[in-house]
Amino acid sequence: MKGIVFNLLEAVVRRDYGEDTWEALLEAAAADGAYSSLGNYPDAEMMNLVGAASSALKIPADDVVRSTNIRRRRFSSARRCNTSPSSRSR
C-alpha cells in the first residue's frame, strides 16, 4: 500500500483526536509511523492501524477507512483547484 494512504490516516487522526492518540495507535499496531508518501508498505500494517483505531476510538473499522477516503478526496480536489495551466507546464 502506498505511503500516502498512511499519511492521510495520520492526518485525520491527528486533526480529529490529537498527537497522543496517533502515537498510541502506532504503539498498539506495532507500527513504525515513518511513511514516505511514495513508499510501499505492507497492507497488513494498514489493517493493524485501522484495527487499533477502531478499538481505541470505539468506531467501526469501515468508518475509520471512510474518514480517510473523505480526506483523500478533499486533498485531491484542492490540488486540482490550485493547479493553474501555467504551473502544469513547468
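Determine, for 57, 8, the number of other Cβ atoms within 10 Å of each Cβ, and report the residues in order from fewest to most. Write down the numbers at each step before the final one.
Values: 57 16, 8 21.
Least crowded to most crowded, the residues run 57, 8.
How large is the charge dipole for the range 3-76, taken about the Cα centre, if only the Cβ atoms of Lys, Arg (+1) and Asp, Glu (-1) carry charge, to the nearest 20 debye?
480
By the scheme Lys and Arg +1, Asp and Glu -1, what is the net charge of all other residues having a beta-carbon under 14 Å from that of residue 23? List each step's numbers first, then the result.
Details: positive: 14; negative: 10, 19, 20, 27, 32.
Overall, the nearby charge balance is -4.
Is the range 3-76 best put as rounded, prolate or oblate by its Cα gyration tensor, with a ≥ b ≥ c the root eigenvalues, rounded for a/c under 1.5, and otherwise prolate when a/b is larger than b/c, oblate when not?
Rounded is the answer for the range 3-76, as its axis ratio a/c remains below 1.5.
Quote the relative contact order of the range 3-76 in percent (integer), defining contacts as alpha-carbon pairs under 8 Å separated by 6+ residues. Write down the numbers at each step before the final one.
Numbers: 59 pairs, mean separation 26.8, N = 74.
Across the range 3-76, relative contact order equals 36 percent.
Step through the residues of the range 22-27 one at a time and calculate ³J(HN,Hα) from phi using the Karplus curve (6.51 cos²θ - 1.76 cosθ + 1.60, θ = phi - 60°), rounding each to whole Hz and writing x for Gly and Pro.
Calculated HN-Hα couplings, in order: 4, 4, 5, 5, 4, 5 Hz.
Report the full-extension gain for the segment residue 4 to residue 41: residue separation times 0.36 nm, less the Cα-Cα distance, to one decimal in nm.
Working: separation 37, 0.36 × 37 = 13.32 nm, distance 1.02 nm.
Contour length minus the Cα-Cα distance gives 12.3 nm.
Report the net charge of residues surrounding residue 34, where surrounding means a beta-carbon distance below 13 angstrom and charges are Lys +1, Arg +1, Asp -1, Glu -1.
On the way: positive: none; negative: 10, 23, 32, 45.
It works out to a net charge of -4.
Going by C-beta contacts inside 10 Å, put 68, 21 in order with the fewest on the left. Write out the running numbers ahead of the final one.
Working: 68 22, 21 15.
By the 10 Å Cβ count, ascending, the order reads 21, 68.
Using a 10 Å cut-off around each Cβ, can you sort 38, 9, 25 from fewest to most neighbouring Cβ atoms?
With the fewest neighbours first, 38, 9, 25 line up as 38, 9, 25.
We did not get these values from a lab; they are worked out from the coordinates using the rules stated. All figures in this text were calculated on a predicted structure; none of them were measured in a lab. With ideal geometry, Cβ positions are generated from the backbone for all residues, glycine too; neighbour counts draw on all protein chains shown.
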